[in-house]
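*Asks:* Handing you this structure, nothing more for now.
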Amino acid sequence: MALISKAKFTFTRFSYHSGDWDTDQRMPSNILNSLLEYTTIPIDQKEKVIALSSPDIFQYPFAYMSGHKLVQFDELERNNFKKYVQNGGFVFVDDCNHDIDGLFAKSFEAQMVSLFGNDALKKIPNNHEIYRSFFNFPKGPPNTSFELNGWGDDLIHDYLKAVTINGRIAVLYSNKDYGCEWDYDFRNKRFLSEDNTKFGVNIVIYAMSS
């Protein structure tokens, strides 16, 4: 099943039956505002939530998934997730615990091993195309305030991981908690010395052009 390309970019979030998928609820509108501010990409102005078990996911080439708790796909969710990325879909997955030993990290990574094999989820180099797809991040993934303040596993994660299919990132996986970092009203960006959502723009641009 090939994915259907939409004329407008839609920020799609996957809901799943286990865990807590409805985190960082202001983040999507913030990223959409950044796309509007920095790019000419036509966008749908509201986030769309679709159950991973639904066939409707194949209408949207970009999806976001997050949580703090257990990730345990049922059979239909497993089949849809695998089919989605194998047919050109892109999933950005963000661990809200920013903890490599946390429940979300361990259970999500176990799902990826089950679906794609032991070596499928790998660190991507910090000179990867995604770090220069729009804005330039020469040092790789930008840090989050949660890492710098010692939350989670008290580590600065200087890498992201990915499942790569046919030379393109199909599943981008972060332990950096970008979702919570970007979870604020977009009108408050004016108080920041640097707009921290710029890397979110890179992710979308890469997903839509690769």
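*Asks:* Given a cut-off of 18 Å, name the pairs among Lys48/Lys106; Lys48/Lys123; Lys176/Lys198; Lys122/Lys176; Lys46/Lys69 whose C-alpha atoms lie farther apart than that in the structure shown.
*Replies:* Lys48/Lys106; Lys48/Lys123; Lys46/Lys69
*Asks:* Let me ask another. Could you sort the peptides 92-99, 158-165 by per-residue average Cβ neighbour count (10 Å cutoff), highest mean leading?
*Replies:* 92-99, 158-165
*Asks:* Considering the chain as a Gaussian network with a 10 Å cut-off on Cα pairs, which listed residue, Pro142, Pro42, Pro61, attains the greatest mean-square fluctuation?
*Replies:* Comparing Pro142, Pro42, Pro61 in a Gaussian network model of the chain, the most mobile one is Pro42.
*Asks:* Rank Ala63, Ala105, Ala51 by mean-square fluctuation in a GNM of the chain with C-alpha springs under 10 angstrom and give only the top-ranked residue.
*Replies:* Of Ala63, Ala105, Ala51, the Gaussian network model singles out Ala51 as fluctuating most.
*Asks:* Tell me, in nm to one decimal, what length is gained between Asn143 and Lys122 on full extension, where the rule is 0.36 nm per residue of separation less the Cα-Cα distance?
*Replies:* Gain on stretching Asn143 to Lys122: 5.6 nm.
*Asks:* Then there's this: Looking at the chain as a GNM with Cα springs under 10 Å, which of Val91, Val171, Val113 has the largest mean-square fluctuation?
*Replies:* Most flexible of the set in this elastic network: Val113.
*Asks:* Also: Heavy atoms only, probe 1.4 Å: what % of the accessible area of the chain goes to carbon and sulfur, would you let me know?
*Replies:* On the way: 4790 of 9830 Å².
Answer for the chain is 49 percent, counting heavy atoms of protein chains only.
*Asks:* Solvent-accessible area per residue for segment 146-199 at a 1.4 Å probe radius, Å²?
*Replies:* Ligands and nucleic acids excluded, the figure is 48 Å² per residue.
*Asks:* Then there is this: Report the gain in length on full extension from Asn188 to Ser114: 0.36 nm times residue separation, minus Cα-Cα distance, nm rounded to one decimal.
*Replies:* Difference between extended and current length: 22.6 nm.
*Asks:* Quick one: Debye curve from the alpha-carbon atoms of the chain only, equal weights, vacuum; give me log10 I(q)/I(0) at q = 0.08, 0.10 Å⁻¹ to two decimals.
*Replies:* Ignoring solvent entirely, the Cα scatterers give -0.24, -0.38.
The values are calculated or read from the model by the stated rules, or taken from the named source; none is laboratory data. Since the structure is predicted, the reported quantities are computational estimates derived from the model, not experimental observations. Note that we place each Cβ from the backbone using ideal geometry, even for glycine, and neighbour counts take in every protein chain shown. Protein only, heavy atoms only, side chains kept; ligands, DNA and RNA dropped before computing areas. Shrake-Rupley method; radii C 1.70, N 1.55, O 1.52, S 1.80 Å.
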